[in-house]
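Bear in mind that the values in this text are calculations on the coordinates, not laboratory data. Everything numeric here is computed off the predicted structure, so don't read it as measured data. Don't worry about glycine lacking a Cβ; one is built from the backbone with ideal geometry, like all the others, and counts go over all protein chains shown.
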Amino acid sequence: MNNMFNPRTWFQRHTDTLNFGQRLADKVANGMGSWRFIIIQTMVVAVWMIFNFVAFIYHWDPYPFILLNLLFSTQAAYAAPIIMMAQNRQNERDRAQAQADYETNVAAKEEIERLQIKLNSIEVEKLDKIIAMLEEMKK
């Protein structure tokens with residue numbers, strides 16, 4: 001295993017390969033998938049509707065809030081591909097983690113096999129010594 005002594009984790013090595021757009025997509029998807037975003041968006045929508053209902057002089061978006069619907073459509077049009085990019089990146093991270101786990105398992109298996117061989121040789125040496133001692137006792 002060539003990365004056995006590399007102190008960096010698979011995740012650190014993976015994030016080092018991301019370009020600006022990929023990092024931005026991940027951050028946007030994380031932000032849009034949070035309770036903070038949902039709460040802030042709900043508050044903005046509520047304020048938008050209240051201001052349009054109680055506007056004394058100018059209703060910039062009267063009921064049924066066509067401009068608000070346009071903003072939501074635009075947001076959804078951009079959010080969907082950004083979230084898809086982030087999901088693709090999650091798949092890449094999962095593959096990188098699976099590969100790192102596989103390499104770790106292969107290295108552990110090889111180490112266990114070496115230990116088993118060593119233990120077997122120690123056991124054989126002990127048995128040889130016991131047999132030699134028994135033969136000496138017979139004489």
For this session: Return the calculated 222 nm mean residue ellipticity for the chain, to the nearest 500 deg cm²/dmol, obtained by summing -39500 (n - 2.57) across DSSP H runs with n ≥ 4 and dividing by the residue count.
Result: -29000 deg cm²/dmol
Seminar exercise, completed: Scoring only Lys, Arg, Asp and Glu (+1, +1, -1, -1) among other residues with Cβ under 12 Å from the Cβ of Gly33 yields +1
Seminar exercise, completed: Exposure proxy check on Phe53, Phe20: fewest-to-most Cβ neighbours within 10 Å is Phe20, Phe53
Problem set entry | Tensor-based shape of the range 73-139 (alpha-carbon gyration tensor, a/c under 1.5 rounded, otherwise prolate or oblate) | prolate
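Please compute the net charge surrounding Met84, taking Lys and Arg as +1 and Asp and Glu as -1 over other residues with Cβ under 14 Å from its Cβ. Intermediate values should be presented prior to the final figure.
Values: positive: Arg89; negative: Asp26, Glu92.
Around Met84, the charge tally is -1.
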For this session: Give me the distance in nm between label points sitting 7 Å out from Cα along the Cα-to-Cβ direction at Tyr63 and Asn88, one decimal.
Result: 4.4 nm
For this session: Return a whole-number percent for the relative contact order of the chain, with Cα pairs under 8 Å and 6 or more residues apart as the contact set.
Result: 35 percent
Exercise. Within the range 1-106, which trypsin sites (Lys or Arg not before Pro) sit in a loop by DSSP and count at most 15 neighbouring Cβ atoms inside 10 Å?
Worked result: Arg8
For this session: Report, in order of residue number, the helices in the chain meeting two criteria: a C-alpha extent of 30 Å or more along the helix axis, and a mean Kyte-Doolittle hydropathy of at least -0.5; treat each whole DSSP H run as one helix.
Result: 66-138
Exercise. Convex hull volume of the Cα atoms in the chain, per residue, in Å³?
Worked result: 159 Å³
Exercise. For the pair Arg13 and Val45, what calculated FRET efficiency results from E = 1/(1 + (r/R0)^6), where r is the Cβ-Cβ distance and R0 = 30 Å, to the nearest 0.05?
Worked result: 0.10
Problem set entry | Net charge of Cβ neighbours under 15 Å - reference Gln99; Lys, Arg +1; Asp, Glu -1 | 0
Exercise. By count of other Cβ within 10 Å, fewest leading, how are Met137, Met84 ordered?
Worked result: Met137, Met84
Seminar exercise, completed: Here, Asn105 and Leu70, labelled 7 Å along Cα→Cβ, have an inter-label distance in nm of 5.5 nm
For this session: Find how many whole Å separate the alpha carbon centroid of the range 85-123 from the alpha carbon centroid of the range 30-46.
Result: 41 Å
